[in-house]
Amino acid sequence: MDRIAFTGVGKRYGPTWALRHVDAVFRAGEVVMVIGPNGSGKTTLIKCLLGLVHPTEGAITLDGKIIGGDPSYRTVIGYMPQISQFPAALTIGQLFHMMQDIRGLGPAEVDDTLIKELGLDTQLNKRLSALSGGTEQKVSAVLAFRSRPSILVMDEPTAGLDPLAARTVLRHADRVRNEGGTVLVTSHLMEEVEALADRVAYIQDGSLRFLLPMKEIFQATGEDRLSRAIPVLLSKTVPV
Ligand code: ADP
């Protein structure tokens, strides 16, 4: 089932087109890895979906409805940003409570298993201003997963996390997919995410060069690692 559709989406910042004519569909029950060089438009694509920036042209639909002025569609989306900005005066525990209140969630709608699995249960009284980068990432992961999202957007989720925590976060992303969710992960080439992905979207200079199943990528190139398969594939595909 198609959940998210980008149709002719372009985004211009001043003279720079950060996204150009992107047509893409993301389905229920899949993990799509969004990759491409720095500055290629990955974050802009995610921000358009989240409504943090508005496309200059084209449209994005979620379950058939165009996302626009009304931000209520975002309640189904869990977002783990690359850099989080937390209110410094609060503790971790206070932030979790506050976000639950803002979203109007009751205890039954909240999944707190990740708090314990990431070892945050013993750190709930720590101030957000005093956290290491890795702990910030863990807090950000808990917030992304907590309201049982059916769409999960993660921007470089494992950057700054220790390997165990990274694996835990990716296991939860896998669970969201298996329960029928749509998961978009931007990532530098990483074996861990590679193992999870169903399809790969490759963006270059704002254009979607391809959006292909992992199996097809490996079959077409004869490679079994994305880091080797992608250059082969790019040399074969005609630039958009
Ligand atoms: P990526 O996430 O792949 O690194 P981005 O989506 O952040 O790429 O950026 C795509 C392009 O848009 C880059 O050229 C970047 O400099 C430009 N860009 C991104 N955000 C802004 C902004 N707020 N103002 C001006 N240019 C921007």
Do you know which of the residues in the stretch 78-119 that are among the β-branched types (Val, Ile, Thr) and at pLDDT 90 or above is least open to solvent (accessible area, probe 1.4 Å)?
Ile92
Identify the residue in the stretch 1-38 that is open to solvent by 90 Å² or more (accessible area, probe 1.4 Å) and within 13 Å of the ligand (Cβ to nearest atom) and, among all such residues, is farthest from Glu191 (Cα to Cα).
Pro15
Can Asp174 be described as open to solvent by 40 Å² or more (accessible area, probe 1.4 Å), touching a strand residue (DSSP E or B) at 6+ places or on another chain (Cβ under 6 Å) and under 29 Å from Ala141 (Cα atoms)?
no
Can you pull out the strands (runs of 3 or more DSSP E) entirely within the stretch 181-240 that have at least 1 residues that are surrounded by fewer than 19 Cβ atoms within 10 Å (Cβ to Cβ)?
199-204, 207-213
Could you tell me whether Gly64 is closer than 25 Å to Leu212 by Cα, within 16 Å of the ligand (Cβ to nearest atom) and of a type outside the set (Ser, Thr, Tyr)?
no
Tell me, please, whether a residue that is touching an Asp or Glu at 6+ places or on another chain (Cβ under 8 Å), closer than 16 Å to Val169 by Cα and either assigned to a helix (DSSP H, G or I) or among the acidic types (Asp, Glu) (or both) can be found in the stretch 107-118.
yes
Confirm whether Leu164 is assigned to a strand (DSSP E or B), of a type in the set (A, V, I, L, M) and open to solvent by 20 Å² or more (accessible area, probe 1.4 Å).
no
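The values are calculated or read from the model by the stated rules, or taken from the named source; none is laboratory data. If you're wondering where the values come from, they're calculated on a predicted model, not measured in any experiment. Glycine gets a Cβ as well: all are built from the backbone with ideal geometry, and neighbour counts include every protein chain shown. What goes into the accessible areas is simple: the full protein's heavy atoms, side chains included, and nothing from ligands, DNA or RNA. Shrake-Rupley method; radii C 1.70, N 1.55, O 1.52, S 1.80 Å.
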